[in-house]
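Quick notes on the structure that follows.
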Amino acid sequence: MKVAVVKESAPGERRVALVPETVPKLVQAGLEVIVEEGAGDAAWFPDATYTAAGATITTLAALYAEADVILTVTRPDEAALGRLRAGQAVIGLLSPLTDPQLAAALAERGVTAVSLDGLPRTLSRAQGMDALTSQANVAGYKAALVAADAYGRFFPLLITAAGTARPAKLLVLGAGVAGLQAIGTARRLGAQVSGYDVRPASKGEVQSLGASFIELTAAVSAAGEGGYARELTAEERDAQQAELAGHIARQDVVITTAQVPGRRPPLLVTADAVRAMNPGSVIVDMGASPLGGNVAGSVAGETVVTENGVTVIGAQNLAAAVPTAASNAYSRNISALLLHLISTSAPEERALSVDTTDDIQAGVVVAHGGEVVHPAVAKLLDAEPDSPPPGETAPRTPRSTPARTEGEADVDRAGH
Ligand code: NAD
C-alpha cells in the first residue's frame, strides 16, 4: 500500500502532512511512503530528509498515479480533485461541515474521504489523532506572538534607567485549547493576563496558568456537549457583550478565540467596545472568517487600523505560520489515524478497512464507496438546493443517510 504526501497548495499554507520523523513508523507497519518533490520545503524538511527516513521522492503526476492513500493538511484543490481516481483515499483536515460540496465531489469520484476534524475528541484512544487540538495549540501560541509584534509597547514590566514600562494588560476571550495556549504564552512574555469563557470549567484552567478569570455579573453558563460551548440566546449575548465592553476598554491587547461548533463565531467585541479602547491597542481575532468573527470590523486575513487607532488583526490559519512545530504534531496525529484505519488488515496486505461502526471511523470517514457516509455532512447536502450555485462545479451525488437522532442539525465538529 502506497501512502503519498503532497505539497500543500493553499495560499500561505506552509505545513506538510507527514514529517520525516514519522516515516519509519509507517514503513515498519508495511506501508510504502512516497513524497512529492519539495513537499516539506516550506516547513524546513528538505527532500533528502525524507529519503534518509525511508521514503521515495516522486513527481506530482507519478504520485497521483501510484498512491493508494494521499495525506494532506488542507483540502485538495480543483487540480488535485481532477487527478484523484476511484479507489484512492484522501486523509486531511477537509472541513466537511463547512465545505460539504467537497465531500460530494470526492464521493462522486469514488474516493474515500477521511477528515481529521470529525474525530471524537473526548475519546481517550483518539487523543493522539486530535489534529484540531494540536493545531489550535500552535495557533494560540502564535496569536500571542502576533499580538506582541503589533503592540507598540512592551508586554513585560521593565524597569530601566530610561524609565519604567508597565506590563501590558491582555485579555483572552474564549479559553479553549487555543485560548489557554495564548494565555500561557502571553504570561511567559510578561503580560498581565486575564481570561474569560462561557464554560464554567474554564475558570480553573485559566487560573492554573496564573491568569485571572473574568466573571460577569450577568453570568451565563453555556457548557454544551462534548466539552464545547453552546450558542447563546440573543438576550444572553447582548448582556455578555455589554458587560464585556467595560473590561475590554481597560485592555491593551485582546485575543479572541471563541467558537461554537457548527455555528458562526459569536461576536464578543462590538464596534462600541473597539471604539472605547485606547489608541495603540491591539486585537487579534482568531475567529475571523468570511462570515464574520468575534470582533466587529475584523477582516479575515487582514489587519485593519480603526479611526481611534486600534489595530484589529483578522488572524487566519496561524498554525501555518509555525510550520515545523505544526507539521510535527499533525504528522503524529495523521499517522496515528492512518495506522488505526489499517489496523485490521494483514501486515503483508495492508489496506484501509473502512468500518463506520467504529467510534473513531464514524466521526472521520466522510465519503466511501461512492457515497457521502457521514450523516451530518449528508444532511447538509440534502438541505442545499438541487442545482449548485453558479460557479460551483461540484456534482450532486448519491448518499446514504443513516438513522439520525433529533437535534443533530446543530452538529459539532465531531459530527455527534
Ligand atoms: P472551540 O475552538 O470550539 O472554542 C474555543 C472556546 O470558545 C471554547 O472554550 C468555548 O467555550 C469558547 N466560547 C464559545 N462561545 C463563547 C462565548 N460566547 N463567549 C466566550 N467564550 C466562548 O473549543 P476547543 O478549544 O476546541 O475546545 C473546547 C473544550 O473542549 C475545551 O474544554 C477543551 O479542553 C475540550 N477538549 C477536550 C478534548 C478531550 O477531551 N480530549 C479535546 C479537545 C478539546
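Only one of the listed residues (Ala315, Ala271, Ala288, Ala258) is buried (at least 20 other Cβ atoms within 10 Å of the Cβ), free of Cβ contacts under 8 Å to residues at least 60 places away in the same chain, under 24 Å from His247 (Cβ atoms) and aliphatic (A, V, I, L, M). That residue is Ala288. Gly195 falls short on exactly one of the conditions (1) away from the ligand (no atom under 12 Å from the Cβ); (2) over 12 Å from Leu268 (Cβ atoms); (3) of a type in the set (Gly, Ala, Ser); (4) touching a residue at least 24 places away in the same chain (Cβ under 8 Å), and that condition is (1).
Residues in the range 178-192 that are touching a residue at least 60 places away in the same chain (Cβ under 8 Å) and either over 21 Å from the mean Cα position of the chain (by Cα) or more than 15 Å from the ligand (Cβ to nearest atom) (or both): Ala186, Ala191.
Of the residues making up the range 259-278, those that are out of contact with any strand residue (DSSP E or B) (no Cβ under 6 Å at 6 or more places or on another chain), assigned to a loop (DSSP other than H, G, I, E, B) and within 16 Å of the ligand (Cβ to nearest atom) are Gln259, Pro261, Gly262, Arg263, Arg264, Pro265, Pro266, Leu267, Thr270. For the range 20-29, the criterion of a residue being polar (S, T, N, Q), modelled with pLDDT under 95 and surrounded by 15 or more Cβ atoms within 10 Å (Cβ to Cβ) is satisfied by no position.
Within the range 198-207, how many residues are in contact (Cβ under 8 Å) with a residue 12 or more places away in the chain and either away from the ligand (no atom under 11 Å from the Cβ) or surrounded by 18 or more Cβ atoms within 10 Å (Cβ to Cβ) (or both)? Counting residues in the range 198-207 that are in contact (Cβ under 8 Å) with a residue 12 or more places away in the chain and either away from the ligand (no atom under 11 Å from the Cβ) or surrounded by 18 or more Cβ atoms within 10 Å (Cβ to Cβ) (or both) gives 6. Taking (1) closer than 25 Å to Gly152 by Cα; (2) part of a helix (DSSP H, G or I); (3) more than 12 Å from the ligand (Cβ to nearest atom); (4) not basic (Lys, Arg) in turn, Gln251 satisfies each apart from (2).
Scanning the range 1-19 for residues that are buried (at least 23 other Cβ atoms within 10 Å of the Cβ), more than 12 Å from Val69 (Cβ to Cβ) and in contact with a helix residue (DSSP H, G or I) (Cβ under 6 Å, 6 or more places away or on another chain) returns Arg15, Val16, Val19. Residues that are of a type in the set (Phe, Trp, Tyr) and away from the ligand (no atom under 16 Å from the Cβ) were ranked within the range 125-172; the one that is nearest to the chain's Cα centre (by Cα) is Tyr151.
Can you find even one residue in the range 208-228 that is hydrophobic (A, V, I, L, M, F, W, C), crowded, with 18+ Cβ neighbours inside 10 Å, under 18 Å from Ala136 (Cβ atoms) and within 8 Å of the ligand (Cβ to nearest atom)? So far as the range 208-228 goes, no, none of its residues is hydrophobic (A, V, I, L, M, F, W, C), crowded, with 18+ Cβ neighbours inside 10 Å, under 18 Å from Ala136 (Cβ atoms) and within 8 Å of the ligand (Cβ to nearest atom). Taking the listed residues Leu171, Leu158, the one that is modelled with pLDDT of 95 or more, in contact with a Ser or Thr (Cβ under 9 Å, 6 or more places away or on another chain) and more than 28 Å from Gln259 (Cβ to Cβ) is Leu158, with no other qualifying. Kindly indicate whether Ser281 is crowded, with 20+ Cβ neighbours inside 10 Å, farther than 18 Å from Ala178 by Cβ and more than 13 Å from the ligand (Cβ to nearest atom). Against the criterion (crowded, with 20+ Cβ neighbours inside 10 Å, farther than 18 Å from Ala178 by Cβ and more than 13 Å from the ligand (Cβ to nearest atom)), Ser281 qualifies. Determine, yes or no, whether Ala242 is more than 11 Å from the ligand (Cβ to nearest atom) and within 19 Å of Leu267 (Cα to Cα). Spelling it out, Ala242 is indeed more than 11 Å from the ligand (Cβ to nearest atom) and within 19 Å of Leu267 (Cα to Cα). Among the residues of this structure, Ala175 counts as one that is within 16 Å of the ligand (Cβ to nearest atom), of a type in the set (Gly, Ala, Ser) and touching a residue at least 12 places away in the same chain (Cβ under 8 Å). For the range 103-124, the candidate set comprises residues that are of a type in the set (A, V, I, L, M, F, W, C) and in contact with a strand residue (DSSP E or B) (Cβ under 8 Å, 6 or more places away or on another chain); within that set, the residue that is nearest to the ligand (Cβ to nearest atom) is Leu116.
Selection of the range 293-309 for residues being touching a Pro at 6+ places or on another chain (Cβ under 7 Å) and within 21 Å of Gly179 (Cβ to Cβ) yields Gly293, Asn294, Ala300.
The values are calculated or read from the model by the stated rules, or taken from the named source; none is laboratory data. What you see is a predicted model, and the numbers here were worked out from it, not measured in a lab. Every residue, glycine as well, gets a Cβ built from its backbone with ideal geometry; the counts of neighbours run over all protein chains shown.
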